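Worksheet for the structure shown next.
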Ligand SMILES: [Fe+2]
């Protein structure tokens, strides 16, 4: 009913089944630059299901002033989305496993840390991102301040920041501080260009990457996820590397056992 793709177009294969959980998506409609409607979210979720995901965590942008989301509003919208989807009863979609956020380290971020007002991935991890254009100064102190609030940090798509190479001392510093890295699956097929594609593979090869995520926004991303699921190099990579996605909502993962 919601399949917008022509019948002859290929569907996803479950290449990403070992991950089980997608920890990064923008399928909560109408709150950021992601999905625009429940219908679009369902189409994306069906592709994610076919690609092997059992569970999805919604991570809308928190970015001032572009997406000035408030946690209470996001929680309400998340509950409404779940109710709406239950009433539509679509087949073959992953289950929601919580709502969190992708927090941009911007001018309002220090205040957020002070207020400690975050929605966490798996009730434990703070998913953060940086500007794609300009390097933020003082990041070590910011990371330290987050850790002082007892949150563990996942840095979203380190391969996408043009000012960091795959061997950037700054990234090494973050790894030394215990920051987890999450690479976007779509980076691996060059969705964001050749630089991020190359860096994504290099970072995974050097053992820096604990998580993969779809960063699903809309049906364009869903189509690219179908392509990624068929990509031989990615299929090989999924056979060779172990990621920690499947442990993210496991109560045992609440111990510091990673
Ligand atoms: Fe994102």
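Just checking, does segment 88-108 include any residue being free of Cβ contacts under 8 Å to residues at least 40 places away in the same chain and touching a helix residue (DSSP H, G or I) at 6+ places or on another chain (Cβ under 7 Å)?
yes
Restricting to segment 54-63, and then to whatever is in contact with a helix residue (DSSP H, G or I) (Cβ under 9 Å, 6 or more places away or on another chain) and within 16 Å of the ligand (Cβ to nearest atom), can you tell me which residue is nearest to residue 211 (Cα to Cα)?
Only one residue tops the list, namely 56.
Could you check residue 203 against (1) in contact with a strand residue (DSSP E or B) (Cβ under 9 Å, 6 or more places away or on another chain); (2) at pLDDT 95 or above; (3) surrounded by fewer than 18 Cβ atoms within 10 Å (Cβ to Cβ) and say which number it fails?
(3)
Among the listed residues 181, 125, 191, identify the single one that is touching a residue at least 40 places away in the same chain (Cβ under 8 Å) and surrounded by 13 or more Cβ atoms within 10 Å (Cβ to Cβ).
None of the others qualify; the one that does is 125.
Taking the criterion of being farther than 20 Å from residue 124 by Cα and either assigned to a loop (DSSP other than H, G, I, E, B) or within 16 Å of the ligand (Cβ to nearest atom) (or both), would at least one residue in segment 203-212 satisfy it?
yes
Between a first residue in segment 15-33 that is in contact (Cβ under 8 Å) with a residue 12 or more places away in the chain and farther than 14 Å from residue 74 by Cα and a second residue that is assigned to a loop (DSSP other than H, G, I, E, B) and within 12 Å of the ligand (Cβ to nearest atom), which pairs have beta carbons less than 6 Å apart while being 6 or more apart in sequence or on different chains?
22/214; 24/59; 24/215
Given (1) part of a helix (DSSP H, G or I); (2) without any contact (Cβ under 8 Å) to a residue 40 or more places away in the chain; (3) buried (at least 17 other Cβ atoms within 10 Å of the Cβ), where does residue 82 come up short, assuming only one miss?
(3)
Take the residues in segment 28-37 that are on the phi < 0 side of the Ramachandran plot and more than 11 Å from the ligand (Cβ to nearest atom); name whichever of them is surrounded by the most Cβ atoms within 10 Å (Cβ to Cβ).
Checking each candidate, the answer is 35.
I'm told residue 191 meets every condition in (1) within 16 Å of the ligand (Cβ to nearest atom); (2) more than 30 Å from residue 145 (Cα to Cα); (3) assigned to a helix (DSSP H, G or I) except one. Can you identify the failing condition by its number?
(3)
Would it be correct to say that residue 144 is within 16 Å of the ligand (Cβ to nearest atom) and either part of a loop (DSSP other than H, G, I, E, B) or within 22 Å of residue 164 (Cβ to Cβ) (or both)?
Answer is no for this residue.
The values are calculated or read from the model by the stated rules, or taken from the named source; none is laboratory data. Only a predicted model underlies this, so the values are computations on that prediction, with no experimental measurement involved. So basically every Cβ, Gly included, is an ideal-geometry build from the backbone, and we count neighbours across all protein chains shown.
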